[in-house]
Amino acid sequence: MNSLQQYGLLLGLTVGTVGLVLCLYALARTIGKAKQEPGKDVPATAGQLSRDPVWARYHARYYGYALLFLAFDMEMAYMYPWAVVYKQVGLVALLDMGVFLAILFLGLLYGWSQGALRRQ
């Protein structure tokens, strides 16, 4: 397959995907007609009108937990390929993983010192 055929295939897939999306959108618009009712635009919670303003800000309390979870989740994502090639590479791979884990541990210590692990 030469490069012109590859570009043609890519163009065909792109046109097909866009066409499918537009067909599904048109089908959803024709089948699922929404009724315009005045009560649909009123902010309500459990059938009652909302006391709070609609555009209220929410405090993100658990961002520290989320960041630490992502850091250690990425650690597990990198540990599996490392374990697969460890036997071939040897001591250099062990040292590389040690540096990687040390950097993650420093991040954990920093989060701990900033109170990211404190219960809120």
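The table for this structure:
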read-out: Residue within the range 34-41 that is at pLDDT 80 or above, of a type in the set (Lys, Arg) and part of a helix (DSSP H, G or I) present; value: no
read-out: Filter result (touching a helix residue (DSSP H, G or I) at 6+ places or on another chain (Cβ under 9 Å) and closer than 17 Å to Ile103 by Cβ) within the range 72-87; value: Phe72, Met74, Glu75, Tyr78, Met79, Trp82
read-out: Residue pairs meeting the criteria (Cβ under 8 Å; at least 6 apart or on separate chains; first touching a residue at least 12 places away in the same chain (Cβ under 8 Å), in the range 90-110; second in a helix (DSSP H, G or I) and charged (D, E, K, R)); value: Phe100/Glu75; Leu101/Glu75; Leu104/Glu75
read-out: Tabulated pairs, the range 72-86, first closer than 19 Å to Leu108 by Cβ, second surrounded by 11 or more Cβ atoms within 10 Å (Cβ to Cβ) and among the aromatic types (Phe, Trp, Tyr), C-beta under 8 angstrom, 6+ apart or interchain; value: Glu75/Phe100; Tyr78/Phe100
read-out: Among (1) modelled with pLDDT under 75; (2) touching an Asp or Glu at 6+ places or on another chain (Cβ under 9 Å), the one test that Trp82 misses; value: (1)
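The values are calculated or read from the model by the stated rules, or taken from the named source; none is laboratory data. Owing to the predicted nature of the structure, the values given are computational and were not obtained by experimental measurement. Quick reminder, even Gly has a Cβ in these numbers, built from the backbone with ideal geometry, and neighbours come from all protein chains shown.
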